[in-house]
Amino acid sequence: MSQPAARTLTLRFLAQPTDVNFGGKVHGGAVMKWIDQAAYAAAVGWSGAYCVTVALSGLSFIAPIRIGDLVSVHVRLIGTGRSSMQYAVEVTARDLKSDAERVATRCVIVFVALDEADGQPVPVPACTAQNAQDVELARHAADLARLTRDMERAVQAAHAAAAH
């Protein structure tokens, strides 16, 4: 396996008229697609393998994105498991006329690297802490993974209770 790519990736583009909802703002589904695309590129670059999304948590739509805004999808690797990678994502939108930039969306997304031949998980390079910020991010990643597992159990219990 070659040297992993950088821990961060930013995807930039202009919000298009085809991205808007009935309210005239960019549709949340379009933002989710952009998040998935940017994080996919980062995960494949880090792992050197085909990757799939396995979880998305803490998705918050904070401010609207308008047609013509310069959109930046910033992804940062915050933790790795044996075959998984956790990315913190922040989507910003900049009005090019005023140069005012705002945070539009935040979340954490998790990818798993797979062998293309058999679809089984494959190991990924470890994300090792290089400074105090990395240590803090790794701690947050572990906390988020634990919360996600707890939430999955609660959702399964709710579905099981509703089925009776």
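Every number in this text was worked out from the coordinates using simple rules, so none of it is lab data. Predicted model, so just to flag it, every value in this text is computed and none were measured. All Cβ positions, glycine included, derive from the backbone under ideal geometry; neighbour counts span all protein chains shown.
Residues that are closer than 22 Å to residue 37 by Cα and of a type in the set (S, T, N, Q) were ranked within the stretch 101-145; the one that is surrounded by the most Cβ atoms within 10 Å (Cβ to Cβ) is 105.
Residue 92: under 24 Å from residue 11 (Cβ atoms) and either in a helix (DSSP H, G or I) or in contact with a Lys or Arg (Cβ under 8 Å, 6 or more places away or on another chain) (or both), yes or no? Yes, satisfied. Give the number of residues within the stretch 65-75 that are crowded, with 17+ Cβ neighbours inside 10 Å and not β-branched (Val, Ile, Thr). Counting residues in the stretch 65-75 that are crowded, with 17+ Cβ neighbours inside 10 Å and not β-branched (Val, Ile, Thr) gives 3. Please pick out the residue among 124, 108, 135 that is in a helix (DSSP H, G or I) and either within 20 Å of the chain's Cα centre (by Cα) or among the hydrophobic types (A, V, I, L, M, F, W, C) (or both). Every option except 135 fails the conditions.
Filtered by the rule that a residue be surrounded by 17 or more Cβ atoms within 10 Å (Cβ to Cβ) and among the small types (Gly, Ala, Ser), the stretch 31-47 gives 38, 39, 42, 43, 47. Give the residue that is surrounded by the most Cβ atoms within 10 Å (Cβ to Cβ), with candidates limited to residues of the stretch 48-64 that are of a type in the set (Gly, Ala, Ser) and more than 14 Å from residue 112 (Cβ to Cβ). My answer is 57. Taking the stated definitions as given, is residue 148 buried (at least 17 other Cβ atoms within 10 Å of the Cβ), in contact with a Phe, Trp or Tyr (Cβ under 7 Å, 6 or more places away or on another chain) and in contact (Cβ under 8 Å) with a residue 60 or more places away in the chain? So residue 148 fails the test.
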